[in-house]
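Visitor: One structure, as structure tokens, below. Some questions next.
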Amino acid sequence: MFVFGTRPEAIKMAPVINKFKKDNRLETIVTVTAQHREMLDQVLDLFKIEPDYDLDIMEDSQTLTGVTAKVLGGLKEVLVKEEPDMVFVHGDTTTTFAASLAAYYQQIKVGHVEAGLRTGEKYSPFPEELNRHLTGVIADLNFSPTELTKNNLLAENTKEKSIFITGNTVIDALLDTVSEDYQFENELLQTIDFNKNKIILLTAHRRENHGQPLEDIFNGIKDILNKNEDVRVIYPVHLNPKVKNKAGKILGDTDRVHLIEPLDYEPFVNLMNKSYLIMTDSGGIQEEAPSLGKPVLVLRDTTERPEAVEIGTVKKVGTDRARIFKEANNLLNNRELYNDMSSKANPYGDGNASERILKRTLYHFDIISNPGEEFKY
Ligand code: UD1
Ligand code: UDP
């Protein structure tokens with residue numbers, strides 16, 4: 001049984017689910033908590049996934065306690081009825097942790113996809129660092145995207161034989177979705193001249209950035225626009241009211257800033273591919289952009305994804321207004337620096353992560369005798 005609830009979990013689980021569904025040696029059940037609603041449904045539609053169970057828990061301005069309690073309570077019934085042999089969860093959301101705990105209470109095994117990411121800072125990102133840590137403690141199979149994430153788990157005394165390096169499933173999704181000749185249906189995006197204007201794609205939503213950090217980010221964006229007349233900013237705004245209200249207040253009337261609704265995954269990744277620069281506090285976008293050769297400025301003080309920072313396509317700049325302006329301004333005006341940062345590098349996967357997860361699972365349940373080591377990543 002796959003359990004997930006938010007947009008990024010859905011994007012990253014979709015290729016795994018579709019791979020599992022094609023294998024008739026397994027019965028695949030999909031349960032969504034709907035911690036997100038509209039942003040989840042967009043992804044389910046795109047990847048043609050029809051959930052077997054939908055807990056439909058989302059509330060406006062929901063709390064961590066509320067989400068945790070509803071997932072725990074709602075899943076119990078589903079797990080008791082279906083008795084799955086394994087529950088698969090993804091990443092580090094509150095759905096991820098609460099679903100793992102619900103499975104543990106029923107003594108059902110847990111497979112953790114995207115296991116082992118860490119910053120080492122309990123409150124950054126909040127609550128994701130603890131969510132993934134606690135999920136890791138519960139998990140029986142850990143599918144780590146990279147060597148470094150495997151090593152993080154080993155350093156916590158996780159059993160080595162439970163950890164498999166697979167690559168990140170987001171690359172499976174990305175490679176299936178991005179195409180050079182993609183045409184936007186969105187009317188605004190159709191009017192943008194990507195050759196004449198330098199497009200900055202902005203996203204921001206993290207809880208630890210709510211309040212003053214978001215204000216500083218948005219004011220930094222205004223500074224960039226004031227100094228660079230050829231720049232336009234496209235910002236698909238997360239539906240969280242704390243983000244939406246602040247974005248509307250500070251950037252709503254700013255020339256050359258386009259605040260739009262969250263985009264479906266297909267236009268979003270194709271917009272990434274056509275943009276000049278990406279500024280974000282998102283986790284998933286930090287993994288996708290290097291594959292597209294797009295420089296990323298990370299609007300956070302910590303990142304659990306240091307691989308692309310080391311390669312040099314992603315830079316951590318935090319939320320200080322002056323620093324944000326300086327780093328973006330450099331990239332907009334220094335060609336050499338830009339070219340250095342925009343080399344294509346793909347530290348997160350080769351598009352076959354889902355296949356590896358399937359093989360490992362079949363092997364775990366003695367359905368195949370070879371876990372596909374020749375397919376090692
Ligand atoms: C959640 C995850 C975060 C992940 C992010 C991806 C937790 C605690 N946080 O944060 O790790 O990076 O998703 O986007 O698990 N809303 C809607 N419609 C939607 C989605 C959200 O209206 O489709 C609004 C609701 O008012 C909701 C609020 O956004 O209460 C916050 O949603 P929530 O899932 O609690 O937090 P996110 O910031 O989305
Ligand atoms: N994304 C999307 N539409 C948008 C913004 C982002 O489809 O308008 C995708 C993006 O390509 C990435 C994922 O959503 O795969 C990231 O989700 P988010 O930033 O909400 O969460 P995080 O990765 O930070 O947990």
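The values are calculated or read from the model by the stated rules, or taken from the named source; none is laboratory data. Keep in mind it's a predicted model, so treat the numbers as computed, not measured. Quick reminder, even Gly has a Cβ in these numbers, built from the backbone with ideal geometry, and neighbours come from all protein chains shown. Just so you know, the surface numbers come from the protein's heavy atoms only, side chains and all, with ligands and any DNA or RNA stripped out. Shrake-Rupley method; radii C 1.70, N 1.55, O 1.52, S 1.80 Å.
Visitor: Looking only at segment 264-294, filter to residues that are outside any helix (DSSP H, G or I) and away from ligand 1 (no atom under 14 Å from the Cβ); which one of those is farthest from H238 (Cα to Cα)?
Guide: Filtering segment 264-294 for residues outside any helix (DSSP H, G or I) gives 264, 275-282, 293-294.
Filter once more, keeping what is away from ligand 1 (no atom under 14 Å from the Cβ): 275-279, 293-294.
On the way: S275: 19, Y276: 21, L277: 19, I278: 16, M279: 14, G293: 24, K294: 21 Å.
Restricting to residues being outside any helix (DSSP H, G or I) and away from ligand 1 (no atom under 14 Å from the Cβ), the top hit is G293.
Visitor: Of the numbered conditions (1) farther than 21 Å from H205 by Cα; (2) of a type in the set (G, A, S); (3) within 16 Å of ligand 2 (Cβ to nearest atom), G73 fails exactly one; give the number of that condition.
Guide: Unmet for G73, out of (1) farther than 21 Å from H205 by Cα; (2) of a type in the set (G, A, S); (3) within 16 Å of ligand 2 (Cβ to nearest atom): (3).
Visitor: Scan segment 359-371 for residues that are modelled with pLDDT under 90 and over 18 Å from F88 (Cβ atoms) and jot them down. Steps first, please.
Guide: Our first condition is that a residue be modelled with pLDDT under 90; within segment 359-371, this holds for 370-371.
Passing the criteria: only N370.
Visitor: So how many residues does segment 116-131 have that are of a type in the set (D, E) and surrounded by 14 or more Cβ atoms within 10 Å (Cβ to Cβ)?
Guide: As a first pass, look at segment 116-131 and keep what is of a type in the set (D, E): 121, 128-129.
Narrowing the set further to residues that are surrounded by 14 or more Cβ atoms within 10 Å (Cβ to Cβ) leaves 128-129.
Count: 2.
Visitor: Out of all the residues in segment 57-91, which are part of a loop (DSSP other than H, G, I, E, B), without any contact (Cβ under 8 Å) to a residue 60 or more places away in the chain, open to solvent by 60 Å² or more (accessible area, probe 1.4 Å) and closer than 17 Å to F2 by Cβ?
Guide: Of segment 57-91, the ones part of a loop (DSSP other than H, G, I, E, B) are 57-63, 83-85, 91.
Then drop every residue that is not without any contact (Cβ under 8 Å) to a residue 60 or more places away in the chain, which leaves 57-59, 62-63, 83.
Filter again for open to solvent by 60 Å² or more (accessible area, probe 1.4 Å), leaving 58-59, 63, 83.
Result: E83, single match.
Visitor: Among the listed residues D181, D223, which satisfies the condition of being over 26 Å from H36 (Cα atoms), of a type outside the set (F, W, Y) and modelled with pLDDT of 95 or more? Even if it seems obvious, please write down each step before you answer.
Guide: Numbers: D181 fails: modelled with pLDDT of 95 or more.
The conditions single out D223.
Visitor: Test each condition in (1) within 15 Å of ligand 1 (Cβ to nearest atom); (2) hydrophobic (A, V, I, L, M, F, W, C); (3) over 28 Å from G293 (Cβ atoms) for V170 and report the one that comes out false.
Guide: Looking at each condition in turn, V170 falls short on (3).
Visitor: Which one of the conditions (1) part of a loop (DSSP other than H, G, I, E, B); (2) open to solvent by less than 30 Å² (accessible area, probe 1.4 Å); (3) polar (S, T, N, Q) does S343 fail to meet, given that it meets all the rest?
Guide: It fails just one condition, (2).
Visitor: Filter segment 132-143 down to the residues that are touching a Lys or Arg at 6+ places or on another chain (Cβ under 9 Å) and either open to solvent by 30 Å² or more (accessible area, probe 1.4 Å) or farther than 11 Å from G111 by Cα (or both) and list them by number.
Guide: R132, H133, D140, listed by residue number.
Visitor: Does A98 satisfy the condition of being away from ligand 1 (no atom under 12 Å from the Cβ) and either open to solvent by 60 Å² or more (accessible area, probe 1.4 Å) or closer than 30 Å to G120 by Cβ (or both)? Can you show your working first?
Guide: On the way: away from ligand 1 (no atom under 12 Å from the Cβ): no; either open to solvent by 60 Å² or more (accessible area, probe 1.4 Å) or closer than 30 Å to G120 by Cβ (or both): yes.
Answer is no for this residue.
Visitor: May I ask you to verify whether M13 is within 20 Å of L174 (Cβ to Cβ) and either in contact with an Asp or Glu (Cβ under 9 Å, 6 or more places away or on another chain) or in contact (Cβ under 8 Å) with a residue 24 or more places away in the chain (or both)? Reasoning before the result, please.
Guide: On the way: within 20 Å of L174 (Cβ to Cβ): yes; either in contact with an Asp or Glu (Cβ under 9 Å, 6 or more places away or on another chain) or in contact (Cβ under 8 Å) with a residue 24 or more places away in the chain (or both): yes.
Yes, satisfied.
Visitor: Of the residues D281, D264, D216, which single one is touching a His at 6+ places or on another chain (Cβ under 8 Å) and either buried (at least 16 other Cβ atoms within 10 Å of the Cβ) or charged (D, E, K, R) (or both)?
Guide: Numbers: D264 fails: touching a His at 6+ places or on another chain (Cβ under 8 Å); D216 fails: touching a His at 6+ places or on another chain (Cβ under 8 Å).
Being touching a His at 6+ places or on another chain (Cβ under 8 Å) and either buried (at least 16 other Cβ atoms within 10 Å of the Cβ) or charged (D, E, K, R) (or both) holds for just one of D281, D264, D216, which is D281.
Visitor: Which of the residues spanning segment 16-55 are farther than 15 Å from D172 by Cβ, more than 10 Å from ligand 1 (Cβ to nearest atom) and not in a loop (DSSP other than H, G, I, E, B)?
Guide: At the first step, the residues of segment 16-55 found to be farther than 15 Å from D172 by Cβ are 23-42, 44-45, 48, 50-55.
Next, only the ones that are more than 10 Å from ligand 1 (Cβ to nearest atom) stay: 23-32, 44-45, 48, 50-55.
Residues satisfying the conditions are V30, T31, V32, L44, D45, Y53, D54.
Visitor: Sticking with this one: Test K76 against the stated conditions and say whether it is farther than 23 Å from A173 by Cα, of a type in the set (K, R) and within 15 Å of ligand 1 (Cβ to nearest atom).
Guide: Details: farther than 23 Å from A173 by Cα: yes; of a type in the set (K, R): yes; within 15 Å of ligand 1 (Cβ to nearest atom): no.
Judged against the criteria, K76 is not a match.
Visitor: I'd like the residue in segment 229-255 that is in a helix (DSSP H, G or I), open to solvent by 10 Å² or more (accessible area, probe 1.4 Å) and within 16 Å of ligand 1 (Cβ to nearest atom) and, out of all such residues, is farthest from S61 (Cα to Cα). Working first, answer last.
Guide: Let us first name the residues in segment 229-255 that are in a helix (DSSP H, G or I), namely 241-251.
With open to solvent by 10 Å² or more (accessible area, probe 1.4 Å) added as a condition, the list becomes 241-242, 244-246, 248-250.
From the residues that got through so far, the ones that are within 16 Å of ligand 1 (Cβ to nearest atom) too are 241-242, 244-246, 248.
Values: P241: 7, K242: 8, K244: 12, N245: 12, K246: 14, G248: 17 Å.
Per the stated criteria, the residue is G248.
Visitor: Another question about this same structure. Q107 - would you say it is more than 16 Å from ligand 2 (Cβ to nearest atom), within 24 Å of V137 (Cβ to Cβ) and not aliphatic (A, V, I, L, M)? First the steps, then the outcome.
Guide: Working: more than 16 Å from ligand 2 (Cβ to nearest atom): yes; within 24 Å of V137 (Cβ to Cβ): yes; not aliphatic (A, V, I, L, M): yes.
Answer is yes for this residue.
Visitor: So, one more: If you go through segment 325-337, how many residues are touching a residue at least 60 places away in the same chain (Cβ under 8 Å) and open to solvent by 20 Å² or more (accessible area, probe 1.4 Å)? Spell out the reasoning first.
Guide: The initial filter retains those residues of segment 325-337 that are touching a residue at least 60 places away in the same chain (Cβ under 8 Å), namely 325, 328-329, 332-333.
Filter again for open to solvent by 20 Å² or more (accessible area, probe 1.4 Å), leaving 325, 329, 333.
Number satisfying all stated conditions: 3.
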